[in-house]
Amino acid sequence: VYTDALEMQGVAKHFENGMVEIKALEAGNDILTLPNDIDRAFSFIKEHVEQGKMHEDRINESVKRILRAKYRMGLNEYKPVDEYGLQLDLNNSKVLGLKHQLIENALTLVRNQDDILPMIGHGRNVASLSIGTSLLSHFQVMMNEYEQIPRYIAPNRIEGVEKTNLLSKIGKRDYVIVSLHGMSQHARDNFGLDASVLSFLQALNQRTKVILVVFGNPYSLKYFDDFDHVVMCYDEDRLTQNLAAQAIFGAIGFRGRLPVTASLKSAYGMGIDTKPNYRIGYSVPERIGMSSDRLKEVDRLIYELIEKKAAPGAQLLVAKDDKVVYQKEYGYHTYDKSRAVQQNHVYDLASVTKITASTMAVMKLFDEEKLKVETPIVAYLPELKGTNKENITLEEIMTHQAGLTPWIPFYKATLASENLRPSKLYYASENSDTFSIKVLDDLFLRSDYPDTIWQMIIDSEMRPNKNYRYSDLGFYIIARIVERLSGKSIDNYVRDEFYDPLSMTRTTYNPLERIHREEIVPTEKDDYFRYAPLQGYVHDMGAAMLHGVSGHAGLFSNASDLVKIFQMLLNKGDYGGKRYLKESTIKYFTKRHLGSTRRGIGFDMKELSPKSRPNICQFASENAFGHFGFTGTCVWVDPEYKLIYIFLSNRTYPTMTNNLLHQEDYRSKIQEVIYRSFLPAFVQDQS
């Protein structure tokens, strides 16, 4: 039996040094920890035995218990622990999974007036303030994964002008999430809380609703009885801050209970449970039964493809059971290695646009009964009456069974015949009313040319049959239908309906309007149309000629954003407490289309025909859906395993003729490693 630290004042303030240790032995303790004066304690115990005040047998009982315990541990044949790699051994992936679970279960929602937590919905007037730090806290960084809110920091003293300015900046917000950092564990110094901070918090609490998040000693809660929303986190390491942010926004629930009594309003056993609200969470593979060791093979594959110049860099994200468990960035924007890929950098999605924009838009309009996929499209586009396209349906278009021409190189008609460069008939170097479509920094297409493209689509020949043949043209048509039915261009429609409410702040058409150029991964050194490196301008030529916005291509994003919208599909249309689509709509669009071996409505699916080349790994279920992108991207969702796999690269840099990524089947190889990391047969084999 061990004592608590005897240097603490719980006992020491009542007895002199030496007598504290005597009382501890009399109470039945065997090992006395942290006595204030070990020499004095030893002398006191020895005197008590010699004077007959304590029997020697009492000492021997404890010694025997200690020796028996050491013998059971093999310490009778003691061998020093090999310290090489000890840190890694003690912090292996399984231990990290357990640590996640322990912290997750400990986070305590002490008070939650009006059930404000977890934060639900989008567009609230919220700010965050971290006190006791000179940089943005990891807690604030993690909260930004869920919602972009203004972030402020303050030192551990807030007085005078700084106090006035801070109150004026955030005091009018509806809510302020205040986190306390750099606290001490000692009551003697008020747990590191300066009186000026306590005064500031009281002033802020009188002006707005404060959600107080304490990364420190639970006894400090006695200072915050006047606060209606209090979260106790106990520690300040990155993992605790990470999980606290997830709990605040509902990715995980609060389940903790206070282990001590700080005040009547913060008493032992208090704690409020909350339920997760279908937001994506963040964890480690072992937390949900995956193997980190097996997933390391993914790193090897991606470094290999970079070394072989299949792509200069990549982003990878793996989510399972509603949690991102593996997310990494690899390599660089280009082979000159001047800019490393980072988590917030965005890629040109190419045809992943089809499922992230066009199909989502059609599903929403279908949800609202504004269209039917089996209705001939002439019902939505009357100008098609009398053409060879009036009777095709959205269902046929989205399953690539409409008989459409696969592709039209619209840009070629705008090149000068003598040098195959942009003709002055169609392009100018400056923006004007006549030339307003920006396809490059200093290259503007005629404003009326989209009408020409539309007419070329209308006039294009149909194939003699409607067997499966992949075609981009139908998704040009879809963009026009979405605009006609919604009254908005497709980029604005999907932003309003999906991207903004999902806080997908890095998902956009025409990214240069919203994102710094250096955060956009380049796609190609164009030597056939625009004759310049393409960075921030859509790679697809047809989309570029339509203001960068189309149904088949044009969207830019990163893995962190994309996981949200596809997790929404896995959640059967719900995300963060908001319903985006009906469950029945999602089922209808993501089921295999009758007569197709690999297509849902809008979505690609696992190829079932033994005569065709497999398109995804063998372990994916037949219900897996997703899409590949020409620039080296893919997203795949497997509802049977609650799995999301996202891979983004710019394999087209410096030239789109580089097809090594596809030839070596790297995207499917990576996907196979992911399945091997959790499928029972492989996990058991590893153990």
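Please treat every number below as a calculation from the coordinates, not as lab data. Not measured: the values here are computed from a predicted model. Backbone-built Cβ (ideal geometry, glycine too); neighbour counts: all protein chains shown.
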Q. What angle, in degrees between 0 and 90 and rounded to the nearest 10, separates the Cα long axis of helix 473-486 from the longest principal axis of the Cα atoms of the chain?
A. 70 degrees
Q) Each residue of segment 569-577 in order: what ³J(HN,Hα) in whole Hz does its phi give by Karplus 6.51 cos²θ - 1.76 cosθ + 1.60, θ = phi - 60°, with x for Gly and Pro? A) 5, 5, 7, 6, x, 10, 7, x, x
Q) Whose amide H sits under 5 Å from the amide H of THR633, counting only residues 5 or more places off or on another chain, with H placed in the peptide plane? A) SER649
Q | In order through segment 501-507: 3J(HN,Hα) via Karplus (6.51 cos²θ - 1.76 cosθ + 1.60), integer Hz, x for Gly, Pro | A | x, 8, 6, 8, 6, 10, 10
**Q.** Amide H within-cut-off set for VAL231, under 5 Å, with H built and near neighbours excluded
**A.** VAL110, LEU212, VAL213, VAL214
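Let me make sure I get this right: for segment 2-73, a, b and c are the square roots of the gyration tensor eigenvalues over alpha carbons, sorted descending. Under 1.5 in a/c it's rounded, otherwise prolate if a/b > b/c, else oblate. Which is it? The partial results should precede the final answer.
On the way: a/c = 2.18, a/b = 1.27, b/c = 1.72.
Here segment 2-73 falls in the oblate category.
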Q | Furthest towards positive pole of dipole, THR108, ALA681, LEU32, structure part the chain, Cβ charges | A | ALA681
Q. Projected onto the charge dipole of the chain (+1 at Lys/Arg Cβ, -1 at Asp/Glu Cβ, origin at the Cα centre), which of PRO501, GLY182, MET398 gives the Cα projection farthest towards the positive end?
A. MET398
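Exactly which trypsin sites (Lys or Arg not before Pro) in segment 241-315 are in a DSSP loop and have at most 11 other Cβ atoms within 10 Å?
Working: sites: ARG255, ARG257, LYS265, ARG279, ARG287, ARG294, LYS296, ARG300, LYS308, LYS309; in loops: ARG255, ARG257, LYS265, ARG279, LYS308, LYS309.
Qualifying residues, ordered by number: none.
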(Q) List residues of segment 395-425, by number, whose backbone nitrogen lies under 16 Å from a label position 7 Å along Cα→C-beta of ALA379. (A) 395-398
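Whole number please: convex hull volume per residue, Cα atoms of the chain, in Å³.
Numbers: hull volume 142.9 nm³, N = 687.
Residue-normalised Cα hull volume stands at 208 Å³.
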Q: Determine, for ARG238, ARG446, the number of other Cβ atoms within 10 Å of each Cβ, and report the residues in order from fewest to most.
A: ARG238, ARG446
Q) Under 5 Å between amide H atoms, partner at least 5 residues away or on a different chain: which partners does GLY313 have, H built in plane at 1.01 Å? A) TYR332, ASN650
**Q.** Sequence-distant aspartates and glutamates (8 or more away, or on other chains) whose Cα lies within less than 15 Å of LYS53
**A.** GLU21, GLU26
**Q.** Subset of LYS389/LYS424; LYS275/LYS328; LYS424/LYS488; LYS275/LYS642; LYS364/LYS642 violating a 25 Å alpha-carbon distance limit
**A.** LYS389/LYS424; LYS275/LYS328; LYS424/LYS488
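For segment 386-544, give the magnitude of the charge dipole about the Cα centre (Cβ charges: +1 Lys/Arg, -1 Asp/Glu; no others), in debye to the nearest 20. Provide the component values of the computation, followed by the final result.
Details: 18 positive and 25 negative charges, 59 e Å.
The dipole magnitude comes to about 280 debye.
Give the dimensionless ratio obtained when the Cα radius of gyration of segment 410-487 is divided by 2.2 N^0.38 Å. Intermediate results must be reported in sequence, preceding the final value.
Details: Rg = 15.5 Å, N = 78, 2.2 N^0.38 = 11.5 Å.
Rg over 2.2 N^0.38 Å, computed on Cα atoms: 1.34.
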Q: Obtain the nm distance between the two label points defined at ASN60 and ARG300 by a simple spin-label model: each point lies 7 Å from its Cα along the Cα-to-C-beta direction.
A: 6.1 nm
Q) Once you sort the root eigenvalues of the Cα gyration tensor of segment 536-632 as a ≥ b ≥ c, which label holds: rounded (a/c under 1.5), prolate (a/b larger than b/c) or oblate (the other case)? A) oblate
Q. For the chain, what is the relative contact order in percent, using Cα pairs closer than 8 Å and at least 6 residues apart in sequence?
A. 13 percent
Q: State the extension gain, in nm to one decimal, for the chain segment bounded by LYS169 and ALA267, taking 0.36 nm per residue of separation less the distance between their alpha-carbons.
A: 31.9 nm
Q. From the residues GLY573, GLY554, TYR531, which one has its Cα farthest along the dipole of segment 448-592 in the positive direction, the dipole being from +1 and -1 charges on Cβ of Lys/Arg and Asp/Glu about the Cα centre?
A. GLY573
Q.
If each residue of separation counts as 0.36 nm, what is the full-extension length gain between ASP37 and THR657 once their alpha-carbon separation is subtracted?
A. 215.5 nm
Q | Estimated vicinal HN-Hα couplings, Hz - segment 50-62 in sequence order (Karplus 6.51, -1.76, 1.60; Gly, Pro = x) | A | 5, 8, x, 6, 9, 6, 4, 4, 4, 5, 5, 4, 5
Q: Note down the magnitude of the dipole of the chain about its Cα centre, charges +1 on Lys and Arg C-beta and -1 on Asp and Glu C-beta and zero elsewhere, to the nearest 20 debye.
A: 1140 debye
